[in-house]
Amino acid sequence: MKTTRIIVKEQGAPEVMQLEEIRLAAPGTGEIQIAQTAIGLNYMDIYQRSGAYGLNLPSPLGLEAAGEIIAIGQGVSGFSIGDRVAYGPVLGAYAAHRNVPAARAVKIPDGISNEVAAAVLMKGTTVEYLLNRTHQVKAGQDILFWAASGGVGQLAGQWGAHLGARMIGVTSGPENCAAIKKLGYAEAIDRNAGDVAARVAELTGGKGVPVVYDSIGAASFDASIKCLGRYGLFVSYGATTGEAPPVPPALLQHSGSLYFTRPTLADYIKDRADLDHAANEVFRLVGEGVLSVNINQRYALSEVAQAHHDLAASATTGSSIIIP
């Protein structure tokens, strides 16, 4: 069958992405073929397109999407034609149709739309491993979360509040500060209006927080270190302003016997059991109304360059999806 997809032949600015028509083969062994209706937009897409992360060129782009199964390859069990599924991360999601390893796909429960599934699967499973497994957030803890207005940040605020933590979100501007306080954050810090570490010290009576979740990287590193209390954990799970600097052991020693980790979703859902557990938790909390998924931007597949420009410029809030 013929379909369309985005491909890059070189890495660079958003304009390197090209829309092309291809002939899609039948699904191979262990694969399902999906007619996609919604594609998730993630910062990882920018890393891969820009060259921050390597790709074997030419390469497709995009990591998650949702749609309906239209064909099934040999050796696949547990799925049927017509099932609604979502997947991620699997490179090549920027497409109208595609083949995906069945081992990476999950069924979408009744009551959850394809758009919501595409917007929430990777971001939600990221929050699940961050708050439940990288550090087990507990009731009464003060938790600092950077980029609180983004898709991951909005889910984290709601999830953390559900666990009983006092969520402290860092964002930019008074409008975003007001918005995140409706999404689980007890406190909102405007990073453009003052010293983040000083405000955290004020909020915690000088103790600092037991964990900082930092997806900003270079620009926020020093502040994150200063926000941590004794034995605190620095969770660096992204680098939107460039990678965090090398972490000398002496810095951790003299800052309160700190811990530093750089986790990745791919490891936390590598095993099928972990993928199922994380996805089920996300869909359960969405279904119960604990997590509100705010899809605030929609783009056509032909507008994917604009989507990347907007995301990189922090001109988006909540989640964005691409409609093939």
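The values are calculated or read from the model by the stated rules, or taken from the named source; none is laboratory data. All figures in this text were calculated on a predicted structure; none of them were measured in a lab. As a convention, Cβ positions derive from the backbone with ideal geometry for all residues, glycine included, and neighbour counts pool all protein chains shown.
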Restricting to region 1-54, count the residues that are modelled with pLDDT of 95 or more and either part of a strand (DSSP E or B) or aromatic (Phe, Trp, Tyr) (or both). 24
Kindly indicate which of Tyr259, Tyr268 is closer than 18 Å to Tyr237 by Cβ, among the aromatic types (Phe, Trp, Tyr) and within 17 Å of the chain's Cα centre (by Cα). Tyr268
Would you call Ser77 of a type outside the set (D, E, K, R), surrounded by fewer than 17 Cβ atoms within 10 Å (Cβ to Cβ) and either over 25 Å from Gly289 (Cβ atoms) or in contact with a Cys (Cβ under 7 Å, 6 or more places away or on another chain) (or both)? yes
Selection from region 89-115 of residues in contact with a strand residue (DSSP E or B) (Cβ under 7 Å, 6 or more places away or on another chain) and among the β-branched types (Val, Ile, Thr) yields Val90, Val100, Val106, Ile108
Filter region 147-169 for residues that are closer than 21 Å to Phe260 by Cα and within 13 Å of the chain's Cα centre (by Cα); the one that is surrounded by the most Cβ atoms within 10 Å (Cβ to Cβ) is Ala156
Has region 229-239 got any residue that is in contact with a strand residue (DSSP E or B) (Cβ under 6 Å, 6 or more places away or on another chain), polar (S, T, N, Q), within 16 Å of Leu252 (Cβ to Cβ) and assigned to a strand (DSSP E or B)? yes
Is it true that some residue in region 100-123 is on the phi > 0 side of the Ramachandran plot and either among the hydroxyl-bearing types (Ser, Thr, Tyr) or buried (at least 24 other Cβ atoms within 10 Å of the Cβ) (or both)? no
Taking Gly289, is it farther than 24 Å from Glu64 by Cβ and either outside the structural domain of Asn176 (by TED's automatic domain parsing) or crowded, with 19+ Cβ neighbours inside 10 Å (or both)? no
Can you name the residue in region 170-229 that is touching a Gly at 6+ places or on another chain (Cβ under 8 Å), surrounded by fewer than 22 Cβ atoms within 10 Å (Cβ to Cβ) and acidic (Asp, Glu) and, of all such residues, is nearest to Pro245 (Cα to Cα)? Asp190
Restricting to region 61-72, give me the number of residues that are surrounded by fewer than 18 Cβ atoms within 10 Å (Cβ to Cβ) and either within 23 Å of the chain's Cα centre (by Cα) or part of a loop (DSSP other than H, G, I, E, B) (or both). 1
Residue identified as assigned by TED's automatic domain parsing to the domain that holds Ala66 and either closer than 19 Å to Ser220 by Cα or not basic (Lys, Arg) (or both) among Tyr299, Tyr268: Tyr299
Among residues of region 85-95 being crowded, with 17+ Cβ neighbours inside 10 Å and out of contact with any Lys or Arg (no Cβ under 7 Å at 6 or more places or on another chain), the residue nearest to Ile322 (Cα to Cα) is Ala93
Among the residues of region 18-34, are any out of contact with any strand residue (DSSP E or B) (no Cβ under 7 Å at 6 or more places or on another chain), under 30 Å from Gly150 (Cα atoms) and in the same structural domain as Ala313 (by TED's automatic domain parsing)? no
Residue list for region 298-317, restricted to those being buried (at least 21 other Cβ atoms within 10 Å of the Cβ) and closer than 20 Å to Thr171 by Cβ: Leu311
Out of all the residues in region 101-109, is one or more under 30 Å from Thr317 (Cβ atoms) and without any contact (Cβ under 8 Å) to a residue 40 or more places away in the chain? yes
Test Pro246 against the stated conditions and say whether it is surrounded by fewer than 17 Cβ atoms within 10 Å (Cβ to Cβ), in a loop (DSSP other than H, G, I, E, B) and in contact with a strand residue (DSSP E or B) (Cβ under 8 Å, 6 or more places away or on another chain). no
When you scan region 113-132, do you find a residue that is assigned to a strand (DSSP E or B) and either closer than 30 Å to Thr261 by Cα or of a type in the set (Phe, Trp, Tyr) (or both), even just one? no
